[in-house]
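Novice: Below you will find the structure I want to go over with you.
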Amino acid sequence: MTAVPSLSTSVHRQLAAALAAALPESADADPLLRRSDRADFQANGLLALAKRLKGNPRELAGRVVSEVTRGELISDIAVSGPGFLNITVSDAAIVNALAARAADDRLGVPYAERPGTLIIEYSQPNVAKEMHVGHLRSTVIGDALVRIMEFRGEKVIRRNHIGDWGTQFGMLIQYLIEHPHELDHEGRGDTESGTAAMSRLGRLYRASRAVFDSDPEFKDRARRRVVDLQAGEPVTLDLWQKIVDESKIYFNAVYQRLGVLLTDEDVVGESAYNDDLPTLARELEESGVAVRSDGALCVFFDDIKGPDDKPVPLIVQKADGGFGYAATDLAAIRNRIGTLHADGMLYIVDARQALHFRMVFETARRAGWLPEGVAHHLPFGTVLGKDGKPFKTRSGETVRLMDLLDEAVERAAAVVAEKTPELTAEEVAERSVDVGIGAVKYADLSTSRTKDYIFDLDRMVSLTGNTSVYLQYAYARIQSILRRAPEGAVAAAHAELPLAPAERALGLHLDGFAETLQDVAETYEPHKLAAYLYALASYFATFYEQCPVLKAPDAATVANRLFFCELTARTLSQGMALLGIRTPERL
Ligand code: ARG
């Protein structure tokens with residue numbers, strides 16, 4: 001069983017029927033129903049309708065009200081204000097709706113109506129470079145969207161479009177040829193830690209850069225090495241592969257620490273499209289989509305101009321014959337549509353690349369490779385330091401991601417140990433990973449994607465406020481209540497019981513889980529799920545304060561409240577799992 005209709009869907013249906021009966025000539029008007037604090041739901045669609053019919057909104061609303069039968073679902077409906085409808089649902093309807101959700105292992109969340117093949121491109125770090133907080137954002141947002149879309153039944157193809165090609169490899173490889181032991185180390189293989197791999201690469205990068213900048217002859221040799229790389233000369237290619245592999249050890253260590261789904265199978269880097277580039281350029285030129293301009297192959301756009309009002313082109317091929325970033329992206333589109341048959345493509349890339357993607361998508365569209373509405377660039381904002389400037393170390397370098405994650409886990413350990421002093425060191429260590437990593441992910445995912453945010457570990461691991469720790473504690477607390485339930489007291493829905501206000505509020509919110517997920521999936525905005533979960537934990541806190549669970553007056557109420565607890569816990573952990581955040585049973 002799945003797809004439990006929400007209360008709001010059922011109420012909407014009844015209301016639409018009443019509206020059609022009262023005003024047959026406007027049978028298709030939308031009553032515009034939404035959740036409300038005044039009543040359970042409010043409909044304000046009659047205001048617009050009255051305007052259109054040149055009628056009196058309160059009078060129209062009255063006619064609709066008289067068509068609604070109060071009963072199992074709607075217990076009360078009244079006209080309010082200028083012509084709103086305030087609707088209250090019955091307690092039994094709430095409990096029954098929740099019972100139907102609880103009976104389904106998907107909590108009544110429907111599959112997407114027309115699932116398709118969705119390519120989600122995210123993380124995309126660059127070989128031989130440190131990952132930075134921008135890559136952290138892309139990785140975390142991408143991971144959440146992958147989980148959410150898969151849960152909806154989409155066929156998701158993950159793509160980690162790593163930067164593994166370009167002229168900088170000439171320099172690195174040439175240096176390695178001249179200093180063959182630079183990447184050597186003991187114990188190569190599984191035991192190799194990502195941090196060590198990255199520091200070797202960092203050293204290689206800095207050393208080769210220094211020679212490159214100071215020795216013109218080396219610079220020349222490095223340039224020639226690029227040509228060898230492009231020609232696929234075996235020794236050159238081997239060393240290139242060595243550098244890429246070393247980087248992957250580092251990337252994988254970060255992914256493992258973060259607990260994201262990415263694996264080596266998802267890595268299809270820029271280099272993968274090399275062989276397609278000459279044909280691609282020729283086709284673009286022959287079709288007239290791209291034209292030669294000062295030797296370079298360019299695509300122009302009427303509405304894209306630089307500060308001097310000169311058109312800014314997308315460069316497919318440089319005057320020296322080299323292909324760049326844009327050509328690779330065009331080839332990737334062709335592959336993803338033509339070979340992988342993508343119905344949708346999401347690019348999780350920072351907002352500064354918005355113009356690039358606009359030009360790439362438009363070029364692909366003109367070339368006939370990209371149907372309308374398939375590709376979406378999902379931009380995200382910048383991670384800032386406490387000073388409000390892009391997050392860097394004090395000396396102005398990129399912050400090492402691993403250090404950052406380690407620090408988050410360390411802070412979390414302090415919070416966990418303080419909150420539960422009786423835990424052993426081992427237990428603290430175990431839980432602090434879930435808490436610390438969860439904190440970093442949640443801080444990111446709970447911020448509207450396009451906004452910048454300040455990286456503040458103190459706030460991220462705080463027990464109060466909109467943090468993952470707060471949600472994890474809510475979950476663990478419910479688990480503890482469930483564990484403490486006396487023998488024989490089992491969670492069970494009792495629709496015959498009247499509900500307290502805090503129970504109604506919690507119940508109505510629980511019922512909105514599926515709709516929230518649908519909204520998240522349609523807008524690609526995970527922060528709406530985070531906001532939903534935070535509100536859920538808050539409703540639960542009020543419920544727990546006002547409605548004793550294990551000390552409730554009678555067995556039926558105990559069972560019903562345990563049922564509310566259990567469904568809240570399941571919804572919390574399912575929702576957090578979709579954000580890629582774990583909810584430990586005990587904290
Ligand atoms: N590697 C690039 C960077 O670190 C991001 C790649 C974005 N994806 C793409 N298809 N262009 O900035």
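Novice: Note down the nm distance, to one decimal, between modelled labels 7 Å out along Cα→Cβ at LYS318 and at ARG292.
Specialist: It works out to 1.9 nm between the two label points.
Novice: OK, next. So what's the net charge close to ASP320: Lys and Arg +1, Asp and Glu -1, counting the other residues with Cβ under 14 Å from its Cβ? Write out the running numbers ahead of the final one.
Specialist: On the way: positive: ARG223, ARG224, ARG292, LYS318; negative: ASP294.
Here the charged neighbours net out to +3.
Novice: For the charge dipole of the chain, defined by +1 on Lys and Arg C-beta atoms and -1 on Asp and Glu C-beta atoms about the Cα centroid, which residue among SER395, GLY55, MET345 has the Cα displaced farthest towards the positive pole?
Specialist: Result: GLY55, furthest along the dipole toward the positive end.
Novice: Can I ask one more? Assuming 0.36 nm per residue, please report the length gained on full extension of the stretch GLU233 to ASP28 beyond their Cα-Cα distance. It would help to have the intermediate numbers written out before the result.
Specialist: Numbers: separation 205, 0.36 × 205 = 73.80 nm, distance 6.80 nm.
Here the segment from GLU233 to ASP28 would lengthen by 67.0 nm.
Novice: What is the distance in Å between the Cα centres of the stretch 300-368 and the stretch 429-498?
Specialist: Centre-to-centre distance over Cα atoms comes out at 41 Å.
Novice: Something else: Fully extended, how many nm does the chain gain between GLU426 and LYS51 (0.36 nm per residue separation, minus their Cα-Cα distance)? Intermediate results must be reported in sequence, preceding the final value.
Specialist: Details: separation 375, 0.36 × 375 = 135.00 nm, distance 6.70 nm.
Length gained, GLU426 through LYS51: 128.3 nm.
Novice: Can you give the convex hull volume of the alpha carbon atoms of the stretch 304-430 per residue, in Å³? List each step's numbers first, then the result.
Specialist: Numbers: hull volume 29.7 nm³, N = 127.
Value for the stretch 304-430: 234 Å³ per residue.
Novice: Which value in deg cm²/dmol, rounded to the nearest 500, describes the helix-derived mean residue ellipticity at 222 nm for the chain, given -39,500 (n - 2.57) per DSSP H run of n ≥ 4 and division by the residue count?
Specialist: Values: 20 runs with 299 residues, N = 587.
-16500 deg cm²/dmol, from helical runs alone.
Novice: State, to one decimal in nm, how far the label point of SER80 lies from the label point of ARG365, with both points 7 Å from Cα in the Cβ direction.
Specialist: 4.4
Novice: Sticking with this structure for a sec: Show me 321-333, 436-448 ranked by packing, highest mean number of other Cβ atoms within 10 Å first.
Specialist: Working: 321-333: 21.7, 436-448: 24.2.
Most protected by this proxy first, the peptides run 436-448, 321-333.
Novice: Determine the shape class of the stretch 1-111: with a ≥ b ≥ c the square roots of the Cα gyration tensor eigenvalues, call it rounded for a/c under 1.5, and otherwise prolate if a/b is greater than b/c, oblate otherwise. Display every interim value, and only then the final one.
Specialist: On the way: a/c = 2.45, a/b = 1.99, b/c = 1.23.
The shape class here is prolate.
Novice: What distance in nm lies between label points placed 7 Å from Cα along the C-beta direction at ARG223 and ASP264?
Specialist: 3.7
Novice: Something else: In whole percent, what relative contact order does the stretch 7-89 give with Cα contacts below 8 Å and a gap of six or more residues? List each step's numbers first, then the result.
Specialist: Working: 137 pairs, mean separation 23.9, N = 83.
Normalised by residue count, the contact order of the stretch 7-89 is 29 percent.
Novice: Determine the relative contact order of the stretch 166-259: mean sequence separation of Cα pairs under 8 Å and six or more apart, normalised by residue count, in whole percent.
Specialist: On the way: 74 pairs, mean separation 42.1, N = 94.
In percent, rounded to a whole number, it is 45.
Novice: Provide the gained length on full extension for the span ASP458 to ALA354, in nm with one decimal, where the gain is 0.36 nm per separating residue minus the Cα-Cα distance.
Specialist: Between ASP458 and ALA354, full extension yields 34.3 nm more.
Novice: Students often get this wrong, so check it: of LYS310/LYS386; LYS305/LYS441; LYS219/LYS242; LYS155/LYS528; LYS219/LYS310, which have C-alpha atoms separated by over 29 Å?
Specialist: On the way: LYS310/LYS386 38 Å; LYS305/LYS441 37 Å; LYS219/LYS242 21 Å; LYS155/LYS528 23 Å; LYS219/LYS310 33 Å.
Listed pairs above 29 Å: LYS310/LYS386; LYS305/LYS441; LYS219/LYS310.
Novice: From zero up to wherever the largest Cα-Cα distance of the chain sits, split into 20 Å bins and tell me the percent of pairs in each.
Specialist: 17, 42, 30, 10, 1
Read-outs throughout are calculated quantities, based only on the coordinates presented, and are distinct from any laboratory measurement. What you see is a predicted model; the values in this text were computed from it and never measured. Note that we place each Cβ from the backbone using ideal geometry, even for glycine, and neighbour counts take in every protein chain shown.
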